[in-house]
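Just so it is clear, none of the values below were taken in a lab; they were calculated from the coordinates. Quick caveat: nothing in here was measured; it's all calculated off a predicted structure. When we count neighbours, we look across all protein chains shown, and the Cβ atoms used for this are built from the backbone with ideal geometry, even at glycine.
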Amino acid sequence: MQRIVVAAIFGPLILFSVYTGGLLFLAVMLIIAMGILYEMMQIFRATHTFPIEPLIYALGAGLLVNAHYRFFPLEHLILASVVLLAAAELFHKHGSPIHNVGAGLLAILYAPLCLSTLLFLRQSEPLGSLTMIVFLGIWAVDTAAYFGGKHSGGKFIQAKFFARHSPNKTWEGFLLGLLSGLLVTLGLGRWWLSSVSAIHWVAIGLIVGVLGALGDLVESMFKRESGLKDSSHLIPGHGGFFDRFDSLCLAAPAVFLYAKYVM
């Protein structure tokens with residue numbers, strides 16, 4: 001019940017920010033990205049890796065703000081991030097410098113950079129319809145996979161879905177999530193943007209379903225190495241920001257690239 005109530009409150013707020021766009025959507029993306037970065041720092045700390053946290057937050061926020069305002073070319077900011085993280089490590093006294101720099105780069109590229117593609121996507125359309133479809137498709141995948149795996153997992157397919165990284169994931173949950181994401185994406189796409197060919201909505205539905213599931217597995221892989229069950233408990237009933245938005249980190253960039261170069 002707590003999970004449902006929280007989703008019922010914050011889901012519409014996120015969709016409203018997408019529809020509004022502009023600074024409101026940027027603010028929401030900043031909150032989500034900073035939440036994920038905070039939780040990634042906990043995961044790194046549990047593996048005895050200590051990137052310089054204030055610098056990570058500043059660089060991550062800078063990537064997102066720059067995605068909104070387009071001050072500098074993206075590749076220049078990434079180059080600056082590499083230089084700053086490596087140079088700053090000279091004055092850092094905790095952990096392995098190689099691990100610290102590598103983890104810092106992973107953090108800013110995995111969360112803020114990947115989520116910045118949602119800002120690019122939203123800026124490319126007048127009403128945010130495709131961006132909303134990405135969110136709704138991901139939520140459909142996560143919800144169907146969670147409840148489908150909970151009630152049908154292992155009843156039809158005995159083999160586990162990536163048992164090495166997440167023993168509780170089942171093929172039934174993955175397939176139900178994939179089907180749900182495909183139906184939601186296709187249905188909303190044909191309703192809101194009927195001029196776009198159905199084949200594109202099928203492709204986007206498959207991207208959301210497959211990469212959404214893989215994004216969830218990547219987070220599980222990180223948590224499994226660190227020994228943490230949840231990345232945090234910042235969102236009641238949902239765990240942390242990383243737990244809730246892990247699927248977006250892989251699905252959003254793929255949808256953006258598909259929309260830019262194929263659609």
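For a bin width of 10 Å, list the pair-distance distribution of the stretch 191-263 built from all Cα-Cα distances, rounded to whole %. Taking every Cα pair in the stretch 191-263, the percentages come to 19, 39, 25, 15, 2.
Helix content alone sets the calculated 222 nm mean residue ellipticity of the chain: runs of n ≥ 4 DSSP H residues at -39500 (n - 2.57) each, divided across all residues, give -25500 deg cm²/dmol. With one equal scatterer per alpha carbon and no solvent term, the Debye-computed log10 I(q)/I(0) for the stretch 104-172 at 0.16, 0.28 1/Å reads -0.77, -1.08.
Among 206-218, 165-177, the peptide with the highest mean count of other Cβ atoms within 10 Å heads the list, and the full ranking is 206-218, 165-177. Within straight-line reach of Lys160, meaning a Cα separation under 16 Å, sit the following aspartates and glutamates at least 8 residues removed in sequence or on another chain: Glu172, Asp216.
Computed on the chain, the Cα convex hull volume stands at 126 Å³ per residue. For the stretch 1-143, the spread of Cα positions along the three principal axes, ordered from largest to smallest, is 46, 40, 21 Å.
The tail of the calculated P(r) for the stretch 22-75 beyond 13 Å holds 61 percent of all Cα-Cα pairs. Restricting the calculation to Cα atoms, the stretch 109-263 shows an Rg/Rh of 0.98 when the hydrodynamic-style radius is the Kirkwood one.
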